[in-house]
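Only one structure is covered here, and it is reproduced in the block below.
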């Protein structure tokens, strides 16, 4: 088994029996995982938190516990949107396989027979962590697809910032390529728009100047203006004569 | 009469936890301190005719004992657990003296094992 590549992660152990808890914690640490533990269901839910991404990648859950038992913890986790996706591996004695079926129906990913065998523990955790990693990647991908869509909407409403796509553009896959192409094309569009706006501003100035010239010409070409100009010239002459 | 401890289980536990005698001693000490509380809970559950408490205490004793190779004690505890699951305590309570006798054997054997693994 030592040659089988495996993934390490953050594991929450929920087990009321002290000896089993100590043993499982130690086995997990030996296998390179980071471990926290809870001795009952209430403490487990507290550790998982009430919102946001939980600080664990997988939960190892004993079923028979005082207070809130494993079934209740599992039901509450599956009912909580921030915990529903977290893989749960039920820890169960071989003679309790009926309980395991119930837990799988409630949303548990797998089960681990007690007493815990280190090789089986490693294999089950590896599978659960790989599934979690894949799911996290899919989730991140969908979020980043959403970022590209938001950028397209922002571009249409003149609210686009190219830096909003930096994280997606850093990807090495096709989505990253799409984001980089989108950024480049959006920058080109924005630059072209800016050039057009500048040309429009210059045209407006020319149009305004031309309009003013026409208005001046219209006024100066009227009979009234010509008559005023003649009278002004006469007045100037008479003033000069008197002087 | 079966041996109170399965040596192969203890060897596996020691090896899989890194061959650390200090941790092994801690684990045994935790078990030695923990079991009397479960036995007391089983006795109290029998006295109070509380099948749920009897079931739960027997369950914990069963799984803890199996982890450290006390397989006979684990098996006896499983019998009590299953009897209590049916909702009555009398049949399970009848097995308690045997369980307590087995516990004395396990306690002595584990104490002896602990002194051989190199941690004070």
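List of remarks:
- Those residues of region B:27-36 which are surrounded by fewer than 20 Cβ atoms within 10 Å (Cβ to Cβ), more than 7 Å from chain A (Cβ to nearest Cβ) and touching a helix residue (DSSP H, G or I) at 6+ places or on another chain (Cβ under 7 Å), in sequence order: B:32
- Test: residue in region B:100-110 that is under 15 Å from residue A:23 (Cβ atoms) and more than 10 Å from chain A (Cβ to nearest Cβ): yes
- Selected residue [modelled with pLDDT under 95 and at the interface with another protein chain (Cβ under 10 Å from one of its Cβ atoms)] from B:16, B:115, B:74, B:65: B:16
- Test: residue in region B:37-53 that is closer than 30 Å to residue A:33 by Cβ, part of a helix (DSSP H, G or I) and away from every other protein chain (no Cβ under 14 Å): no
- One residue stands out among those in region A:65-104 that are touching a residue at least 40 places away in the same chain (Cβ under 8 Å), in a loop (DSSP other than H, G, I, E, B) and within 22 Å of residue A:33 (Cβ to Cβ): the one that is nearest to the other protein chains (Cβ to nearest Cβ), which is A:65.
- Given (1) outside any loop (DSSP other than H, G, I, E, B); (2) buried (at least 18 other Cβ atoms within 10 Å of the Cβ); (3) touching a strand residue (DSSP E or B) at 6+ places or on another chain (Cβ under 7 Å); (4) within 12 Å of chain B (Cβ to nearest Cβ), number of the condition residue A:26 does not satisfy: (3)
- Of the numbered criteria (1) part of a helix (DSSP H, G or I); (2) away from chain A (no Cβ under 13 Å); (3) surrounded by fewer than 13 Cβ atoms within 10 Å (Cβ to Cβ), the one residue B:8 fails is (2).
- Candidates A:57, A:62: the one that is surrounded by fewer than 23 Cβ atoms within 10 Å (Cβ to Cβ), touching a residue at least 40 places away in the same chain (Cβ under 8 Å) and in contact with a strand residue (DSSP E or B) (Cβ under 8 Å, 6 or more places away or on another chain) is A:57.
- A count restricted to region A:98-130 and to residues that are surrounded by 17 or more Cβ atoms within 10 Å (Cβ to Cβ) and over 15 Å from residue A:62 (Cβ atoms) stands at 8.
- The set of residues in region A:29-54 being surrounded by 22 or more Cβ atoms within 10 Å (Cβ to Cβ) and either under 20 Å from residue A:68 (Cα atoms) or within 9 Å of another protein chain (Cβ to nearest Cβ) (or both) consists of A:38, A:41, A:44.
The values are calculated or read from the model by the stated rules, or taken from the named source; none is laboratory data. From a predicted model like this one, the values you see are computed outputs, not experimental measurements. Using ideal geometry, Cβ is built from the backbone for each residue, glycine included, and neighbour counts are taken over all protein chains shown.
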